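Take a look at the structure below.
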Amino acid sequence: MTKDLLLEVGCEEIPAAFVPKALDILEDFVSRKFTSSRLAFSSVKTFGTPRRLSLIVEGLEAGQEDAETEVRGPKKEAAYDADGAPTRALEGFLRGQGARIEDVKFTDTGKGEQVYVTKKIKGEKTEDILPEILSGALGADLFKKTMRWGAHSVSFARPVHWLLAFYGDKQIDFEFGHIKSGNKTFGHRFLSTRSAGIEINSIDSYLAALKGSKVVLEPDERKRIIREGLKAKAEEVGGVLLADDALVEEVAYLVEYPVVVRGEFEAEFLKLPSDIIINAGREHQRYFSIVDAEGRLLPYFLTVANTEAKEMAVVVKGNERVLRARLNDAKFYFDSDIDVPLVTHAEALKGVVFQKKLGTSYEKAERFTRLALFVGATAGISAAVTDEDTSAAFLSDGANPTAYKGSDPLQSMKLIIGRAAMLAKADLTTGVVGEFPKLQGVMGGVYAARSEETLDVSRAIVEHYLPTASGGALPESIPGAIVSIADKLDTIVGCFAVGLIPTGTQDPYALRRQALGIIAILSNSDIDVPLDKMVAHAATLLTDKIEVSPVKKGDAIADDSGKNPVEEVTAKVLEFFKERLRNTLLGDGLAFDSIDSVLSAPWYDISDATRRIRAIEKFKAHPSCSDLVVAFKRVSNILKKAGSATVEPDAALFVEDEERALYEISQKVAPRIAEHSKAGDYSSLLESLASIKERTDAFFDNVMVMAEDEAVRTNRLALLGSVRSLYSSIAD
């Protein structure tokens, strides 16, 4: 027989960001606990509002399934005496387990035989087990941050005020710290007419009580109400809601009974950049914006109230007053900012500390400007870097690309990259970004345009923060992509240089996210610069910051292990990127063995490595794939044990026909493989490799590689080395 289980935890308002994760953890904990407790159930559903977490388990069996377990006793030699009679040790074990001598069995533990008996465990009633499971669920680390209140020992996101649990129509009594479960729930804090609580006797009465007390329990239902209300209110003024799914998600966990209201602000504020207005309302007040059919901002806003007041106009006026104050502040900061050239703001970065061991934000800008110029020049996108390319030079009036009168596109691109990089962080010293930090980069682009910087420079400043999240928008311009890579890479390498390496639980400088951003950009752009070169150059620019115990090693400075510190940091950073890339590719559904084979070969060209992996995945369906892999593994293993020959194979030293045949086919396909590799056509490359399979097999079947004659042996190893070189360009 099955019944449904209900659990509700009532508390003070939980932060909106905490609730969805807590519900996921609660569902997972209860599901696993019931399974491990041999309690069958149909489904587990969780619901949450700011004031309550609720759980409904459908089809929960009335009792545990019976089970059997093996209980081990003494070793066989200790269980019986020399005459084969049971010893006291065995008799005591059997009494303790309620077993008879006929129940004794033996198992080999690897260290001799040991006595065991099979013990039957009768299942308990569900209602007897639930108190422990429910109290354990509430203490199951549901929240990343918790608090204690009063003199009590338990902790939760916010103080707990009531507990409610029913199995079918039976109340389940349990405790969470000092709080005992009861049979009451509470409705909306302001709208419910039953402040003393509502008695419950079943799940149906619980759901009906909440509905009648202005509580929308189901999060998806609240989101639906919010979306429909936002759409309707925007259309009433001839506008369209500016889509913001993340804000809908957040607001849905701020309210129990959502009511959408519309307010307005003075049209005079529309002279401000729209991003300022949107951010002022969204970040501080959780307001939604309305735009017209062309996407222009309208002087209205929408908000979601948690009440249905008699005088909603009063609620609206209060929200309008708050937004007006915010916009007045923003206008003051904006007007002050535009009176100062962006270059002057960039100079002010000399007084802003980026990280105490890595210097000021100005020093950081200098470093990643040099790195960006290196990337551009190495990729053939911009002109070569010279000694004249200083930070001061790129901030001078003459470095503004609008002042360039030459016709060299590479020199022009260098000016764009250098200028954008040196101005990229300038808006950090502005008033608007100080008040609205999420507008960094955006305001830099606005101020750059007002300072008569080129569109390319302004756009690169905005784009250099991208992507801001996994799967987010990427820079669309080449200068924006290069400056973004350089900025992120300087942060990553700099942190590794001074020992600020991410751990399993801490990553204060978001290095993982920034590494994933670089991988995403390189995977989707034409910036053809291997990652190892960029990392090594970034580390070189940070040479004076690297924390080592310096000892002289000839002309180079090395740490006390004798390794060059720049090379040491480079190696650590590349390993860090390698793991991020591996995880990214696994997340894309690619097979571990394909990924690992490519990452065991040179992988620093990210987009090229990805193409190789996808080609291998496709090639797995080829009829020769498995045999080819075996053959190449055999080649690699022999060379690994014997050592690769450093000479080219000499056809005059071949003895067997199979040697000559393998040499001829490898020489024939080598140009095609080189051509396919250069073109990045790895599917065709693998097809070409497949053509040498039969002759490779024949070689191993008929030729003794480790011949007694040293010259013949060395020549055969050289032949295998040339074969291995054919596939080492794609994978190992």
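Which log10 I(q)/I(0) values, to two decimals, does the range 343-573 give at q = 0.15 Å⁻¹ under the Debye formula with one point per Cα?
Scattering profile of the range 343-573, log10 relative to I(0): -1.00.
Taking the simple approach of a point 7 Å from Cα along Cα-to-Cβ for both Lys144 and Lys75, what is their distance in nm?
Reported label-point gap for Lys144 and Lys75 is 5.2 nm.
So what is log10(I(q)/I(0)) for the range 219-337 at q = 0.14, 0.15, 0.16 1/Å, when the Debye sum runs over its Cα atoms only?
-0.56, -0.64, -0.73
Compute the relative contact order of the range 219-337 as a whole-number percentage, counting only Cα pairs closer than 8 Å that sit 6 or more residues apart in sequence. Intermediate values should be presented prior to the final figure.
Numbers: 155 pairs, mean separation 35.8, N = 119.
With pairs under 8 Å counted, the relative contact order is 30 percent.
Normalising by the residue count of the range 430-540, find the relative contact order in percent from Cα pairs under 8 Å and 6+ residues apart.
Relative contact order, the range 430-540: 20 percent.
For Rg and Dmax of the Cα atoms in Å, one of (1) 33.8, 130; (2) 34.9, 109; (3) 36.8, 130 was computed from the structure I shared and the rest are decoys. Which label?
Here Rg and Dmax of the Cα atoms in Å agrees with entry (2).
Classify the range 67-121 as rounded, prolate or oblate, taking a ≥ b ≥ c as the square roots of the eigenvalues of its Cα gyration tensor: rounded when a/c is under 1.5, otherwise prolate if a/b is larger than b/c and oblate if not.
oblate
Rank-order 348-356, 82-90 by packing density, defined as the average count of other C-beta atoms within 10 Å over each peptide's residues, highest first.
Going by the mean number of other Cβ atoms within 10 Å, highest first, we get 348-356, 82-90.
Taking amide hydrogens as modeled 1.01 Å from N in the peptide plane, which residues meet the under 5 Å criterion relative to Asp605, leaving out close sequence neighbours?
Distant-sequence amide H within range of Asp605: Leu531.
Defining a contact as two alpha carbons under 8 Å apart and six or more residues distant in sequence, what relative contact order in percent does the range 343-573 show? Each step should come with its number before you reach the end.
Details: 353 pairs, mean separation 40.9, N = 231.
18 percent.
Are there any GluC sites (Glu not before Pro) in the range 313-405 that are in a DSSP loop and have at most 14 other Cβ atoms within 10 Å? List them by number.
Passing both the DSSP loop test and the Cβ count: Glu388.
Using a cut-off of 25 Å between alpha-carbon atoms, which lysines can reach Lys111, once sequence neighbours fewer than 8 places away in the same chain are excluded?
Candidates past the 8-residue exclusion: Lys75, Lys76, Lys119.
From the square roots a ≥ b ≥ c of the eigenvalues of the alpha-carbon gyration tensor of the range 559-681, which class results: rounded (a/c under 1.5), prolate (a/b over b/c), or oblate?
oblate
May I ask which of Lys414/Lys533; Lys425/Lys572; Lys211/Lys310; Lys145/Lys438; Lys21/Lys572 have a Cα-Cα span longer than 30 Å here?
From Lys414/Lys533; Lys425/Lys572; Lys211/Lys310; Lys145/Lys438; Lys21/Lys572, over 30 Å: Lys21/Lys572.
Out of the trypsin sites (Lys or Arg not before Pro) in the range 396-466, which ones are loop residues according to DSSP with at most 10 other C-beta atoms within 10 Å? Spell out each step's value before the answer.
Values: sites: Lys405, Lys414, Arg419, Lys425, Lys438, Arg450, Arg459; in loops: Lys405, Lys425.
Here the sparse-neighbourhood loop sites are Lys405.
Only sites in a loop by DSSP and with at most 13 other Cβ atoms within 10 Å count here; which GluC sites (Glu not before Pro) in the range 685-729 make the cut?
Those satisfying the criteria are Glu708.
As a check on your grasp of the helix formula, calculate [θ] at 222 nm for the chain: sum -39500 (n - 2.57) over DSSP H runs of n ≥ 4, divide by the residue count, round to the nearest 500.
-15500 deg cm²/dmol
For the peptides 254-260, 211-217, what is the packing order when you average, over each peptide's residues, the other Cβ atoms within 10 Å and list the highest mean first?
Sorting 254-260, 211-217 by mean packing, highest first, produces 254-260, 211-217.
Quick check: net charge around Val433, other residues with Cβ under 12 Å of its Cβ, Lys/Arg +1 and Asp/Glu -1?
-2
None of the figures in this text is laboratory data; all of them are computed from the coordinates on show. Just so it is clear, the model here is predicted, and its values are computed rather than measured. We place every Cβ from the backbone using ideal geometry, glycine too, and count neighbours over all the protein chains shown.
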